[in-house]
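A quick write-up on the structure given underneath.
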Amino acid sequence: MARATHIYNAEYPIPSNVLANDVIDVLHLHENLLTVQPQLASYSEISSTEASDFDTYFDNLDYPVKVYKAIEKIMIIPGIGDWGKYPTTIIVTFQNTIDGLKSRAVASAGVVVTATYTVNKANKQGSKCDTNDGDSLGDDSWILSQNVVLECSSWLMPFVKQNMEGAQRNMCQNLVKLASLQ
């Protein structure tokens, strides 16, 4: 079966009353990334395998990886409540970085999502922040940048892409809000 790849990049403004380090701290607490997923049913930390410890995607050995098993209930048939949801197991690997986080999620049917989340100084000229609440970028502004690569079979791509983009957008906005509470 042919595989397809979709790349999703977005930037989210960090309000001036929120410290960049607070956003990084929120990212480094992996439970925050897991629990802001609306489809999440449960999760638990599992031991990392040698394969994830030496995975070239997680290239900086100064920062160890942590692995979680998450169960999400994905809506397959809308309108019939929980009967229309299908539970899927996802193995999620996180690695903290100095300016954010790297992650890889591997789900059933060969769906793989790799993502980096970094806190950067805003580049006012080229910045295209995804904001719905009128936040503007000041002179000393920071952004949460998100770079996501989705890989799956070509026939699954339209469904997975739609779900992934909406979930990622909501997740980053909620993480910035969570950092504002610190």
Please tell me the relative contact order of segment 11-78 in percent, rounded to the nearest whole number, where contacts are Cα pairs under 8 Å and at least six residues apart. 33 percent
Residue farthest toward the positive end of the dipole of the chain, with Cβ of Lys/Arg at +1 and Asp/Glu at -1: which of Ile74, Thr97, Leu61? Ile74
Find the all-direction average of the projected area of the Cα convex hull for segment 50-115, expressing the result in square nanometres with one decimal place. 5.5 nm²
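Could you compute Rg(Cα) / (2.2 N^0.38 Å) for segment 1-102, with N its residue count? Provide the component values of the computation, followed by the final result.
On the way: Rg = 16.6 Å, N = 102, 2.2 N^0.38 = 12.8 Å.
Compactness ratio reported: 1.30.
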Space enclosed by the convex hull of the alpha-carbon atoms of the chain, per residue, Å³: 139 Å³
Could you work out [θ]222 nm for the chain from helices alone, using -39500 (n - 2.57) per DSSP H run of at least four and dividing by all its residues? Round to the nearest 500 deg cm²/dmol. -7000 deg cm²/dmol
Give the order of Phe159, Phe94 when sorted by the count of other beta carbons within 10 angstrom, beginning with the fewest. Phe159, Phe94
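Express the relative contact order of the chain as a whole percentage, based on alpha carbon pairs under 8 Å and six or more residues apart in sequence. Walk me through the numbers on the way to the answer.
On the way: 326 pairs, mean separation 60.5, N = 182.
Answer for the chain is 33 percent.
Values in this text are rule-based calculations from the coordinates and carry no lab data. For clarity, every value in this text was computed on a predicted model and none was experimentally measured. Cβ: placed from backbone, ideal geometry, glycine included. Neighbour counts: every protein chain shown.
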